[in-house]
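See below for the structure under consideration.
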Amino acid sequence: MKEIIDVKLKTRTVDVGKCKTDMLVVGLFSDAKRLDKLNKALDRKLDGAIGNLTKLGDFKAKDGASSVIYGNDKIGARRVMLVGLGEKKKATLDTVRKAAAGAAKKSVEMKVKTVSLALHTALGGRLDLPAIGRACAEGACFGSYRYDEFVTESENGRLGSLKVELIDSEPARTKKLKEGLSSGAVIGQAQSYARTIANRPANVIYPASLAAAAKKLARGLKTLSCTVLDEKQLTTKGMGGILAVGSGSQHEPRFIVLKHTPAGKAGSAGPKIALVGKAITFDSGGISLKPATNMDEMKLDKTGGIVVLATMKAVAELGLPIGVYGLIPSAENMPGGASYRPGDIITTFSGKTVEVQNTDAEGRMILCDALDYAVKQKCETIIDVATLTGACLVALGRYMAGLMGNDDKLIKQLQEASEQSGEKIWHMPSGDEYAKEMKSKIADLKNIGSKWGGACTAAAFLRQFVGDAKWAHLDIAGMDMFQKATEFSAEGSTGFGVRLLTTYLMNLTGTKA
Ligand code: BES
Ligand code: MN
Ligand code: ZN
(Lines give C-alpha, C1' and ligand atoms only; values in the text may rest on other atoms or scores of the structure.)
(Ligands and ions follow the chains in the order given, each with its own letter.)
Protein backbone atom coordinates (compact mmCIF):
# COMPACT_ATOMS: atom_id res chain seq x y z
CA MET A 1 0.00 0.00 0.00
CA LYS A 2 1.21 3.47 -0.87
CA GLU A 3 1.85 5.97 1.91
CA ILE A 4 0.18 9.37 1.64
CA ILE A 5 2.29 12.25 0.37
CA ASP A 6 4.94 13.16 2.89
CA VAL A 7 4.91 16.95 3.30
CA LYS A 8 8.19 18.33 4.59
CA LEU A 9 7.84 21.84 5.98
CA LYS A 10 10.50 24.41 6.82
CA THR A 11 11.34 28.10 6.66
CA ARG A 12 14.26 29.73 4.84
CA THR A 13 15.75 33.20 4.75
CA VAL A 14 16.43 34.01 1.12
CA ASP A 15 15.89 36.80 -1.36
CA VAL A 16 12.61 35.97 -3.09
CA GLY A 17 13.94 36.91 -6.51
CA LYS A 18 17.02 34.73 -6.08
CA CYS A 19 15.30 31.80 -4.39
CA LYS A 20 16.14 28.58 -6.23
CA THR A 21 13.00 26.50 -6.28
CA ASP A 22 10.71 24.52 -8.57
CA MET A 23 7.76 26.73 -7.71
CA LEU A 24 7.75 30.18 -6.18
CA VAL A 25 4.29 31.15 -4.93
CA VAL A 26 3.19 34.77 -4.55
CA GLY A 27 -0.20 36.26 -3.74
CA LEU A 28 -2.13 39.05 -5.46
CA PHE A 29 -5.31 40.89 -4.48
CA SER A 30 -8.10 41.30 -7.02
CA ASP A 31 -8.74 44.94 -6.11
CA ALA A 32 -5.11 46.09 -6.01
CA LYS A 33 -4.55 49.02 -8.35
CA ARG A 34 -0.93 48.12 -9.00
CA LEU A 35 1.54 45.36 -8.21
CA ASP A 36 3.05 45.41 -4.73
CA LYS A 37 6.78 45.83 -4.19
CA LEU A 38 7.68 42.15 -4.35
CA ASN A 39 5.57 41.42 -7.40
CA LYS A 40 6.82 44.52 -9.16
CA ALA A 41 10.43 43.43 -8.63
CA LEU A 42 9.62 39.96 -9.94
CA ASP A 43 7.70 41.42 -12.87
CA ARG A 44 10.70 43.48 -13.88
CA LYS A 45 12.93 40.43 -13.90
CA LEU A 46 10.33 38.44 -15.82
CA ASP A 47 10.17 41.11 -18.52
CA GLY A 48 6.68 42.21 -17.57
CA ALA A 49 5.04 38.77 -17.61
CA ILE A 50 3.05 39.34 -14.42
CA GLY A 51 1.87 42.76 -15.57
CA ASN A 52 0.80 41.31 -18.91
CA LEU A 53 -1.24 38.58 -17.29
CA THR A 54 -3.14 41.04 -15.15
CA LYS A 55 -3.44 43.71 -17.86
CA LEU A 56 -4.83 41.27 -20.41
CA GLY A 57 -7.32 40.12 -17.80
CA ASP A 58 -6.13 36.50 -17.98
CA PHE A 59 -5.56 36.54 -14.25
CA LYS A 60 -7.92 38.56 -12.09
CA ALA A 61 -6.53 37.40 -8.72
CA LYS A 62 -9.97 36.15 -7.67
CA ASP A 63 -10.21 33.85 -4.68
CA GLY A 64 -9.06 30.37 -5.71
CA ALA A 65 -7.60 31.46 -9.06
CA SER A 66 -3.99 30.75 -9.97
CA SER A 67 -1.67 31.06 -12.92
CA VAL A 68 1.82 29.72 -13.56
CA ILE A 69 4.58 31.70 -15.30
CA TYR A 70 7.92 30.16 -16.24
CA GLY A 71 11.15 31.55 -14.84
CA ASN A 72 14.20 32.81 -16.71
CA ASP A 73 17.88 33.26 -15.86
CA LYS A 74 17.18 36.51 -14.01
CA ILE A 75 15.31 34.79 -11.19
CA GLY A 76 16.13 31.66 -9.19
CA ALA A 77 12.71 30.01 -9.50
CA ARG A 78 11.86 27.68 -12.37
CA ARG A 79 8.22 28.63 -12.11
CA VAL A 80 6.23 31.38 -10.44
CA MET A 81 2.68 30.69 -9.36
CA LEU A 82 0.42 33.69 -8.92
CA VAL A 83 -2.35 32.94 -6.49
CA GLY A 84 -5.49 35.04 -6.25
CA LEU A 85 -6.35 36.28 -2.76
CA GLY A 86 -9.61 38.04 -3.66
CA GLU A 87 -10.49 41.43 -2.19
CA LYS A 88 -7.96 42.85 0.21
CA LYS A 89 -10.42 43.97 2.87
CA LYS A 90 -11.98 40.50 3.01
CA ALA A 91 -8.66 38.70 3.52
CA THR A 92 -8.42 36.54 6.64
CA LEU A 93 -6.14 33.78 7.81
CA ASP A 94 -8.32 31.37 5.90
CA THR A 95 -7.55 33.26 2.69
CA VAL A 96 -3.87 32.49 3.28
CA ARG A 97 -4.60 28.89 4.28
CA LYS A 98 -6.64 28.28 1.13
CA ALA A 99 -4.06 29.99 -1.06
CA ALA A 100 -1.33 27.72 0.35
CA ALA A 101 -3.62 24.73 -0.11
CA GLY A 102 -4.38 25.64 -3.71
CA ALA A 103 -0.69 26.10 -4.48
CA ALA A 104 0.20 22.77 -2.87
CA LYS A 105 -2.56 20.93 -4.71
CA LYS A 106 -1.45 22.28 -8.06
CA SER A 107 2.18 21.54 -7.27
CA VAL A 108 1.37 17.89 -6.55
CA GLU A 109 -0.53 17.70 -9.84
CA MET A 110 2.50 19.15 -11.63
CA LYS A 111 4.86 16.79 -9.79
CA VAL A 112 6.87 19.65 -8.42
CA LYS A 113 9.43 18.74 -5.73
CA THR A 114 9.92 22.01 -3.89
CA VAL A 115 7.40 24.80 -3.33
CA SER A 116 8.47 28.14 -1.85
CA LEU A 117 5.66 30.19 -0.39
CA ALA A 118 5.99 33.97 -0.20
CA LEU A 119 2.29 34.55 0.33
CA HIS A 120 2.64 36.63 3.47
CA THR A 121 4.34 39.55 1.72
CA ALA A 122 1.12 40.50 -0.09
CA LEU A 123 -0.58 41.01 3.26
CA GLY A 124 1.89 43.71 4.21
CA GLY A 125 1.84 43.09 7.96
CA ARG A 126 -1.95 42.96 8.22
CA LEU A 127 -1.99 39.55 9.89
CA ASP A 128 0.35 38.27 12.51
CA LEU A 129 3.33 36.34 11.05
CA PRO A 130 3.25 33.26 13.34
CA ALA A 131 -0.47 32.88 12.53
CA ILE A 132 0.32 33.14 8.81
CA GLY A 133 3.08 30.56 9.22
CA ARG A 134 0.63 28.22 10.88
CA ALA A 135 -2.06 28.78 8.25
CA CYS A 136 0.43 28.16 5.43
CA ALA A 137 1.59 24.89 7.00
CA GLU A 138 -1.98 23.71 7.58
CA GLY A 139 -2.93 24.72 4.05
CA ALA A 140 0.08 23.03 2.45
CA CYS A 141 -0.80 19.74 4.17
CA PHE A 142 -4.46 20.10 3.28
CA GLY A 143 -3.96 20.91 -0.39
CA SER A 144 -1.28 18.33 -1.13
CA TYR A 145 -3.35 15.54 0.37
CA ARG A 146 -4.82 12.87 -1.83
CA TYR A 147 -6.17 9.47 -1.00
CA ASP A 148 -4.73 6.85 -3.35
CA GLU A 149 -3.28 4.12 -1.16
CA PHE A 150 -5.23 1.42 -3.03
CA VAL A 151 -4.51 2.69 -6.53
CA THR A 152 -1.97 0.27 -7.96
CA GLU A 153 -2.21 1.39 -11.56
CA SER A 154 -2.30 4.98 -12.64
CA GLU A 155 -1.20 6.79 -15.78
CA ASN A 156 -0.39 9.99 -14.01
CA GLY A 157 1.42 8.94 -10.85
CA ARG A 158 2.73 11.27 -8.19
CA LEU A 159 5.84 11.90 -6.17
CA GLY A 160 6.13 10.45 -2.68
CA SER A 161 6.95 13.71 -0.98
CA LEU A 162 6.61 17.46 -1.31
CA LYS A 163 8.99 20.00 0.19
CA VAL A 164 7.27 23.20 1.23
CA GLU A 165 9.19 26.17 2.56
CA LEU A 166 8.05 29.57 3.77
CA ILE A 167 10.53 32.17 2.62
CA ASP A 168 11.42 35.74 3.51
CA SER A 169 14.49 37.89 3.01
CA GLU A 170 14.55 39.05 6.65
CA PRO A 171 15.76 36.56 9.29
CA ALA A 172 13.51 38.20 11.92
CA ARG A 173 10.44 37.59 9.80
CA THR A 174 11.46 34.04 8.92
CA LYS A 175 11.78 33.33 12.62
CA LYS A 176 8.25 34.55 13.28
CA LEU A 177 6.87 32.45 10.43
CA LYS A 178 8.66 29.46 11.88
CA GLU A 179 6.99 29.87 15.29
CA GLY A 180 3.65 29.17 13.64
CA LEU A 181 4.92 26.66 11.11
CA SER A 182 5.77 24.12 13.80
CA SER A 183 2.26 23.93 15.26
CA GLY A 184 0.73 24.25 11.79
CA ALA A 185 2.69 21.21 10.63
CA VAL A 186 1.48 19.16 13.59
CA ILE A 187 -2.13 20.19 13.03
CA GLY A 188 -1.97 19.79 9.26
CA GLN A 189 -0.46 16.34 9.52
CA ALA A 190 -3.03 15.32 12.15
CA GLN A 191 -5.76 16.38 9.75
CA SER A 192 -4.23 14.32 6.93
CA TYR A 193 -4.01 11.35 9.28
CA ALA A 194 -7.73 11.77 10.00
CA ARG A 195 -8.54 11.96 6.30
CA THR A 196 -6.66 8.76 5.52
CA ILE A 197 -8.32 6.67 8.21
CA ALA A 198 -11.72 8.16 7.38
CA ASN A 199 -11.29 7.49 3.66
CA ARG A 200 -10.41 3.84 4.25
CA PRO A 201 -13.36 1.59 3.44
CA ALA A 202 -15.39 -0.41 5.93
CA ASN A 203 -13.71 -3.71 5.00
CA VAL A 204 -10.44 -2.19 6.22
CA ILE A 205 -11.58 0.01 9.10
CA TYR A 206 -14.02 -1.69 11.46
CA PRO A 207 -14.22 -1.19 15.24
CA ALA A 208 -11.36 -3.59 16.08
CA SER A 209 -9.00 -2.23 13.41
CA LEU A 210 -9.84 1.34 14.40
CA ALA A 211 -9.00 0.42 17.99
CA ALA A 212 -5.72 -1.08 16.77
CA ALA A 213 -4.89 2.18 14.98
CA ALA A 214 -5.63 4.12 18.18
CA LYS A 215 -3.38 1.78 20.19
CA LYS A 216 -0.62 2.16 17.65
CA LEU A 217 -0.89 5.94 17.81
CA ALA A 218 -0.77 5.92 21.61
CA ARG A 219 2.30 3.66 21.64
CA GLY A 220 4.23 6.31 19.76
CA LEU A 221 3.27 9.21 22.03
CA LYS A 222 4.46 9.45 25.60
CA THR A 223 1.56 11.38 27.10
CA LEU A 224 -1.11 9.38 25.32
CA SER A 225 -2.61 6.16 26.67
CA CYS A 226 -5.26 3.98 25.06
CA THR A 227 -7.57 1.39 26.56
CA VAL A 228 -10.13 -0.47 24.52
CA LEU A 229 -13.28 -2.14 25.80
CA ASP A 230 -14.37 -5.16 23.75
CA GLU A 231 -17.86 -6.65 23.53
CA LYS A 232 -17.47 -8.67 26.71
CA GLN A 233 -16.29 -5.67 28.69
CA LEU A 234 -19.04 -3.51 27.20
CA THR A 235 -21.54 -6.11 28.42
CA THR A 236 -20.05 -6.14 31.92
CA LYS A 237 -20.19 -2.35 32.07
CA GLY A 238 -23.73 -2.23 30.68
CA MET A 239 -23.03 -0.04 27.67
CA GLY A 240 -26.31 -1.07 26.08
CA GLY A 241 -26.33 1.60 23.37
CA ILE A 242 -23.03 0.63 21.79
CA LEU A 243 -23.88 -3.08 22.11
CA ALA A 244 -27.31 -2.66 20.49
CA VAL A 245 -25.96 -0.86 17.43
CA GLY A 246 -23.10 -3.33 17.04
CA SER A 247 -25.22 -6.44 17.46
CA GLY A 248 -26.06 -6.95 13.79
CA SER A 249 -22.50 -6.95 12.52
CA GLN A 250 -19.86 -9.64 12.17
CA HIS A 251 -17.48 -7.01 13.52
CA GLU A 252 -17.81 -6.57 17.26
CA PRO A 253 -18.16 -3.06 18.65
CA ARG A 254 -15.46 -1.34 20.69
CA PHE A 255 -15.18 1.61 23.04
CA ILE A 256 -11.84 3.34 22.63
CA VAL A 257 -10.62 5.45 25.55
CA LEU A 258 -7.66 7.74 24.88
CA LYS A 259 -6.15 9.87 27.57
CA HIS A 260 -3.60 12.67 27.24
CA THR A 261 -1.80 13.24 30.53
CA PRO A 262 0.77 16.03 30.33
CA ALA A 263 3.73 16.01 32.72
CA GLY A 264 3.57 18.02 35.92
CA LYS A 265 0.71 19.77 37.63
CA ALA A 266 -1.48 20.07 34.54
CA GLY A 267 -1.73 16.30 34.26
CA SER A 268 -1.93 15.25 37.89
CA ALA A 269 -5.64 15.78 38.52
CA GLY A 270 -6.91 13.79 35.54
CA PRO A 271 -8.71 15.22 32.49
CA LYS A 272 -11.56 17.66 32.98
CA ILE A 273 -12.22 17.80 29.25
CA ALA A 274 -13.60 15.05 27.07
CA LEU A 275 -13.81 14.92 23.30
CA VAL A 276 -16.34 12.34 22.17
CA GLY A 277 -16.59 11.16 18.55
CA LYS A 278 -19.08 8.97 16.70
CA ALA A 279 -17.31 6.13 14.90
CA ILE A 280 -19.84 4.09 12.97
CA THR A 281 -17.49 2.29 10.58
CA PHE A 282 -20.38 1.68 8.20
CA ASP A 283 -23.95 2.88 8.49
CA SER A 284 -26.27 0.74 6.39
CA GLY A 285 -29.16 1.94 8.54
CA GLY A 286 -29.51 -1.54 10.04
CA ILE A 287 -33.02 -3.07 9.94
CA SER A 288 -34.29 0.41 9.01
CA LEU A 289 -32.13 -0.03 5.90
CA LYS A 290 -31.00 2.99 3.90
CA PRO A 291 -31.70 3.29 0.14
CA ALA A 292 -28.92 1.87 -2.08
CA THR A 293 -27.98 5.15 -3.77
CA ASN A 294 -24.74 6.55 -2.34
CA MET A 295 -24.76 4.11 0.54
CA ASP A 296 -21.01 3.64 -0.04
CA GLU A 297 -20.51 7.10 1.40
CA MET A 298 -21.62 5.81 4.78
CA LYS A 299 -18.10 4.47 5.28
CA LEU A 300 -17.45 8.07 6.33
CA ASP A 301 -19.86 7.77 9.25
CA LYS A 302 -16.85 7.11 11.47
CA THR A 303 -15.36 10.55 10.90
CA GLY A 304 -16.38 12.13 14.21
CA GLY A 305 -14.45 9.46 16.09
CA ILE A 306 -11.47 9.78 13.80
CA VAL A 307 -11.44 13.55 14.19
CA VAL A 308 -11.21 12.96 17.94
CA LEU A 309 -8.39 10.44 17.41
CA ALA A 310 -6.45 12.88 15.21
CA THR A 311 -7.05 15.78 17.61
CA MET A 312 -5.58 13.65 20.41
CA LYS A 313 -2.55 13.08 18.18
CA ALA A 314 -2.13 16.84 17.71
CA VAL A 315 -2.73 17.58 21.41
CA ALA A 316 -0.06 15.05 22.43
CA GLU A 317 2.45 16.18 19.80
CA LEU A 318 1.97 19.82 20.77
CA GLY A 319 2.32 18.79 24.40
CA LEU A 320 -0.65 20.91 25.47
CA PRO A 321 -0.61 21.43 29.24
CA ILE A 322 -4.12 20.11 29.83
CA GLY A 323 -5.54 16.65 30.45
CA VAL A 324 -7.91 15.48 27.73
CA TYR A 325 -9.98 12.36 27.18
CA GLY A 326 -10.66 11.15 23.65
CA LEU A 327 -13.67 8.85 23.78
CA ILE A 328 -14.59 6.91 20.67
CA PRO A 329 -17.55 4.54 20.68
CA SER A 330 -17.35 2.41 17.54
CA ALA A 331 -19.75 -0.02 15.90
CA GLU A 332 -20.88 -1.16 12.47
CA ASN A 333 -24.61 -0.65 11.87
CA MET A 334 -25.77 -3.68 9.89
CA PRO A 335 -28.99 -5.62 9.37
CA GLY A 336 -28.90 -9.27 10.42
CA GLY A 337 -30.47 -11.93 12.58
CA ALA A 338 -28.88 -10.50 15.70
CA SER A 339 -29.56 -6.82 14.91
CA TYR A 340 -31.39 -4.53 17.24
CA ARG A 341 -34.89 -3.81 15.95
CA PRO A 342 -37.36 -0.96 15.77
CA GLY A 343 -39.44 -1.28 18.92
CA ASP A 344 -36.60 -2.61 21.08
CA ILE A 345 -36.07 -0.92 24.42
CA ILE A 346 -32.41 -0.49 25.27
CA THR A 347 -30.98 0.22 28.70
CA THR A 348 -28.05 2.56 28.18
CA PHE A 349 -24.92 2.94 30.33
CA SER A 350 -26.58 5.81 32.22
CA GLY A 351 -29.49 3.58 33.22
CA LYS A 352 -31.86 5.63 31.04
CA THR A 353 -33.97 3.49 28.73
CA VAL A 354 -34.46 4.25 25.03
CA GLU A 355 -37.20 3.02 22.74
CA VAL A 356 -35.70 2.40 19.30
CA GLN A 357 -38.04 3.67 16.62
CA ASN A 358 -35.50 3.70 13.83
CA THR A 359 -32.27 1.71 13.81
CA ASP A 360 -30.78 4.29 11.44
CA ALA A 361 -30.72 6.83 14.29
CA GLU A 362 -27.76 4.85 15.67
CA GLY A 363 -25.24 7.63 16.26
CA ARG A 364 -27.04 8.93 19.32
CA MET A 365 -27.35 5.37 20.65
CA ILE A 366 -23.58 4.92 20.83
CA LEU A 367 -22.82 8.53 21.78
CA CYS A 368 -25.09 8.47 24.83
CA ASP A 369 -22.97 5.75 26.44
CA ALA A 370 -19.74 7.64 25.75
CA LEU A 371 -21.19 10.93 27.04
CA ASP A 372 -22.25 9.23 30.23
CA TYR A 373 -18.79 7.71 30.55
CA ALA A 374 -17.33 11.25 30.41
CA VAL A 375 -19.78 12.38 33.10
CA LYS A 376 -18.76 9.43 35.30
CA GLN A 377 -15.11 10.45 34.84
CA LYS A 378 -16.14 13.86 36.27
CA CYS A 379 -15.33 15.79 33.11
CA GLU A 380 -16.47 19.40 33.38
CA THR A 381 -16.49 20.05 29.65
CA ILE A 382 -17.65 17.61 27.01
CA ILE A 383 -17.55 18.24 23.26
CA ASP A 384 -18.91 15.64 20.90
CA VAL A 385 -18.39 15.43 17.13
CA ALA A 386 -20.60 13.34 14.88
CA THR A 387 -21.88 12.87 11.35
CA LEU A 388 -25.20 12.71 13.11
CA THR A 389 -28.07 13.83 10.91
CA GLY A 390 -29.01 14.32 7.28
CA ALA A 391 -31.21 17.08 8.67
CA CYS A 392 -28.15 19.16 9.53
CA LEU A 393 -27.11 18.94 5.90
CA VAL A 394 -30.57 20.10 4.86
CA ALA A 395 -30.33 23.04 7.27
CA LEU A 396 -26.81 24.28 6.62
CA GLY A 397 -25.62 22.69 3.40
CA ARG A 398 -21.97 21.78 3.06
CA TYR A 399 -20.54 25.08 4.23
CA MET A 400 -20.69 24.81 7.98
CA ALA A 401 -21.27 22.34 10.77
CA GLY A 402 -24.10 22.59 13.28
CA LEU A 403 -23.13 23.67 16.78
CA MET A 404 -25.42 23.01 19.73
CA GLY A 405 -24.75 23.23 23.43
CA ASN A 406 -25.79 24.17 26.94
CA ASP A 407 -23.16 26.74 27.85
CA ASP A 408 -22.78 30.20 26.30
CA LYS A 409 -19.11 30.54 27.14
CA LEU A 410 -18.21 27.21 25.55
CA ILE A 411 -20.22 28.10 22.45
CA LYS A 412 -18.34 31.38 22.22
CA GLN A 413 -14.95 29.73 22.65
CA LEU A 414 -15.76 27.31 19.86
CA GLN A 415 -16.95 30.13 17.63
CA GLU A 416 -13.65 31.91 18.19
CA ALA A 417 -11.69 28.76 17.40
CA SER A 418 -13.79 28.41 14.28
CA GLU A 419 -12.85 31.92 13.09
CA GLN A 420 -9.17 31.15 13.57
CA SER A 421 -9.18 27.66 12.11
CA GLY A 422 -11.39 28.41 9.12
CA GLU A 423 -13.68 25.48 9.96
CA LYS A 424 -17.08 27.10 10.00
CA ILE A 425 -19.85 26.34 12.49
CA TRP A 426 -23.34 27.69 13.06
CA HIS A 427 -25.10 27.81 16.40
CA MET A 428 -28.45 25.99 16.43
CA PRO A 429 -31.00 25.29 19.20
CA SER A 430 -31.46 22.05 21.13
CA GLY A 431 -33.57 23.10 24.12
CA ASP A 432 -36.72 21.91 25.85
CA GLU A 433 -39.07 22.10 22.85
CA TYR A 434 -36.86 19.64 21.05
CA ALA A 435 -36.20 17.49 24.10
CA LYS A 436 -39.95 17.04 24.55
CA GLU A 437 -40.18 15.32 21.18
CA MET A 438 -37.71 12.70 22.34
CA LYS A 439 -39.86 11.43 25.20
CA SER A 440 -41.27 7.94 24.84
CA LYS A 441 -44.50 6.54 26.27
CA ILE A 442 -42.96 3.19 27.08
CA ALA A 443 -39.37 4.17 27.95
CA ASP A 444 -37.51 7.26 29.18
CA LEU A 445 -36.62 8.40 25.67
CA LYS A 446 -37.10 7.40 22.04
CA ASN A 447 -34.42 7.69 19.45
CA ILE A 448 -36.21 9.80 16.82
CA GLY A 449 -38.35 12.94 16.94
CA SER A 450 -40.89 14.29 14.47
CA LYS A 451 -40.24 14.97 10.81
CA TRP A 452 -38.87 18.48 11.44
CA GLY A 453 -35.78 19.88 13.08
CA GLY A 454 -33.94 16.56 13.05
CA ALA A 455 -30.52 18.01 13.84
CA CYS A 456 -31.95 19.81 16.86
CA THR A 457 -33.93 16.87 18.24
CA ALA A 458 -30.86 14.63 17.86
CA ALA A 459 -28.82 17.14 19.88
CA ALA A 460 -31.60 17.41 22.44
CA PHE A 461 -31.42 13.64 22.87
CA LEU A 462 -27.66 13.81 23.54
CA ARG A 463 -28.19 16.65 26.01
CA GLN A 464 -30.08 14.22 28.27
CA PHE A 465 -26.84 12.36 28.93
CA VAL A 466 -24.42 15.12 29.90
CA GLY A 467 -25.70 15.91 33.39
CA ASP A 468 -24.34 19.22 34.67
CA ALA A 469 -21.29 19.25 32.43
CA LYS A 470 -20.70 22.07 29.99
CA TRP A 471 -21.46 20.46 26.69
CA ALA A 472 -21.21 21.25 23.00
CA HIS A 473 -22.17 19.13 20.02
CA LEU A 474 -20.84 19.45 16.48
CA ASP A 475 -22.96 17.87 13.76
CA ILE A 476 -20.48 17.46 10.92
CA ALA A 477 -22.71 15.38 8.61
CA GLY A 478 -22.52 17.93 5.80
CA MET A 479 -18.88 18.70 6.25
CA ASP A 480 -17.14 15.45 5.94
CA MET A 481 -19.26 13.20 3.82
CA PHE A 482 -19.18 12.97 0.04
CA GLN A 483 -17.02 16.03 -0.44
CA LYS A 484 -16.14 16.69 -4.07
CA ALA A 485 -12.69 17.90 -5.07
CA THR A 486 -12.22 21.70 -5.10
CA GLU A 487 -9.34 24.02 -6.07
CA PHE A 488 -7.72 23.36 -2.76
CA SER A 489 -8.84 19.91 -1.69
CA ALA A 490 -8.99 16.34 -2.94
CA GLU A 491 -12.32 14.55 -2.83
CA GLY A 492 -13.39 12.43 0.13
CA SER A 493 -12.95 13.10 3.82
CA THR A 494 -11.88 16.60 4.83
CA GLY A 495 -11.03 15.80 8.43
CA PHE A 496 -13.26 18.71 9.44
CA GLY A 497 -12.95 19.43 13.13
CA VAL A 498 -9.28 18.62 13.74
CA ARG A 499 -8.21 22.24 13.29
CA LEU A 500 -11.24 23.56 15.16
CA LEU A 501 -10.85 21.34 18.22
CA THR A 502 -7.07 21.67 18.39
CA THR A 503 -7.38 25.45 18.13
CA TYR A 504 -9.98 25.46 20.89
CA LEU A 505 -7.63 23.51 23.17
CA MET A 506 -4.64 25.67 22.23
CA ASN A 507 -6.60 28.81 23.10
CA LEU A 508 -7.73 27.27 26.36
CA THR A 509 -4.15 26.63 27.39
CA GLY A 510 -2.86 29.95 26.07
CA THR A 511 -0.70 28.17 23.50
CA LYS A 512 0.32 30.58 20.75
CA ALA A 513 0.30 29.73 17.07
N1 BES B 1 -25.07 8.82 9.55
C2 BES B 1 -26.39 9.27 9.38
C3 BES B 1 -26.48 10.77 9.13
C4 BES B 1 -26.05 11.25 7.79
C5 BES B 1 -26.94 11.23 6.74
C6 BES B 1 -24.79 11.76 7.61
C7 BES B 1 -26.54 11.72 5.51
C8 BES B 1 -24.42 12.25 6.39
C9 BES B 1 -25.28 12.22 5.35
C10 BES B 1 -27.22 8.98 10.62
O11 BES B 1 -26.89 7.85 11.31
C12 BES B 1 -28.63 8.80 10.17
O13 BES B 1 -28.88 7.86 9.46
N14 BES B 1 -29.51 9.69 10.58
C15 BES B 1 -30.86 9.64 10.21
C16 BES B 1 -31.67 9.95 11.43
C17 BES B 1 -33.14 9.67 11.28
C18 BES B 1 -33.39 8.20 11.16
C19 BES B 1 -33.84 10.25 12.48
C20 BES B 1 -31.10 10.68 9.12
O21 BES B 1 -30.47 11.74 9.17
O22 BES B 1 -31.85 10.40 8.21
MN1 MN C 1 -27.88 6.13 10.55
ZN1 ZN D 1 -24.96 7.24 11.12
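The values are calculated or read from the model by the stated rules, or taken from the named source; none is laboratory data. Just so it is clear, the structure is predicted and the values come from calculations on it, not from any experiment. So basically every Cβ, Gly included, is an ideal-geometry build from the backbone, and we count neighbours across all protein chains shown. Please note that ligands, DNA and RNA were not included when accessible areas were found on the heavy atoms of the full protein model with its side chains. Shrake-Rupley method; radii C 1.70, N 1.55, O 1.52, S 1.80 Å.
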Give me the three principal axis extents of region 6-170 from the C-alpha atoms, as integers in angstrom, largest value leading.
48, 34, 31
Using every Cα-Cα pair within region 290-392, state what percent have a distance larger than 17 Å.
62 percent
Which value in nm describes the separation of the simple spin-label points at ASN507 and VAL68, placed 7 Å from the Cα toward the beta carbon?
3.8 nm
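Rounded to two decimals, what ratio of Rg to Rh does region 231-283 give with C-alpha atoms and a Kirkwood Rh? Working shown, then result.
Values: Rg = 14.9 Å, Rh = 13.4 Å.
On the Cα set of region 231-283, Rg over Rh gives 1.11.
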Expected sort for 468-477, 420-429 on mean C-beta neighbours within 10 Å, highest first, is 468-477, 420-429
Could you sort out which of LYS40/LYS88; LYS60/LYS175; LYS89/LYS111; LYS215/LYS376; LYS163/LYS512; LYS412/LYS436 sit more than 28 Å apart by Cα distance in this structure?
LYS60/LYS175; LYS89/LYS111
Expressed as a whole number of Å, what is the distance separating the alpha-carbon centroids of region 65-84 and region 323-396?
51 Å
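Let me check against my output: what whole-number percent is the relative contact order of the chain, with C-alpha pairs under 8 Å and at least 6 apart? Before the final figure, lay out the partial values.
Details: 1254 pairs, mean separation 77.8, N = 513.
Relative contact order, the chain: 15 percent.
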Which value, in Å², gives the accessible area per residue of the chain when a 1.4 Å probe is used on the protein heavy atoms?
42 Å²
How big is the charge dipole of the chain about its Cα centre, in debye rounded to the nearest 20, if each Lys and Arg gets +1 on its Cβ and each Asp and Glu gets -1 on its Cβ?
1800 debye
Could you tell me, in Å, what Rg and Dmax come out for the Cα atoms of the chain?
23.9, 80
Taking the dipole of the chain about the Cα centre (Lys, Arg +1; Asp, Glu -1; charges at Cβ), the one of THR92, ALA386, ILE4 that reaches farthest to the positive side is THR92
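Order these peptides, 315-322, 122-129, 139-146, by their mean beta-carbon neighbour count within 10 angstrom, highest first. Don't skip to the end; give the middle numbers.
Numbers: 315-322: 20.4, 122-129: 16.1, 139-146: 28.4.
Packing order, densest peptide first, comes out as 139-146, 315-322, 122-129.
Sort region 174-331 into rounded, prolate or oblate with this rule: let a ≥ b ≥ c be the square roots of the eigenvalues of the Cα gyration tensor; rounded if a/c is under 1.5, and if a/c is not under 1.5, prolate when a/b is larger than b/c, oblate otherwise. Don't skip to the answer; put the middle values down first.
Working: a/c = 2.78, a/b = 1.50, b/c = 1.85.
Because a/c hits 1.5 or more and a/b fails to exceed b/c, region 174-331 counts as oblate.
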First compute the accessible area of region 12-165 with a 1.4 Å probe, then give the percent of it belonging to carbon and sulfur atoms.
50 percent
Just the number, please: carbon plus sulfur as a percent of the accessible area of region 197-509, 1.4 Å probe, no ligands or DNA/RNA counted.
52 percent
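Which order, highest average first, do 170-183, 36-49 follow once you tally other Cβ atoms within 10 Å for each residue and take the mean per peptide?
Numbers: 170-183: 18.7, 36-49: 16.4.
Averaged packing, sorted descending, gives the order 170-183, 36-49.
State the three equivalent ellipsoid semi-axes of region 200-272, derived from the C-alpha gyration tensor as the square roots of 5 times its eigenvalues, in descending order and whole Å.
Values: eigenvalues 145, 54, 12 Å².
With the √(5λ) rule applied to region 200-272, the semi-axes are 27, 17, 8 Å.
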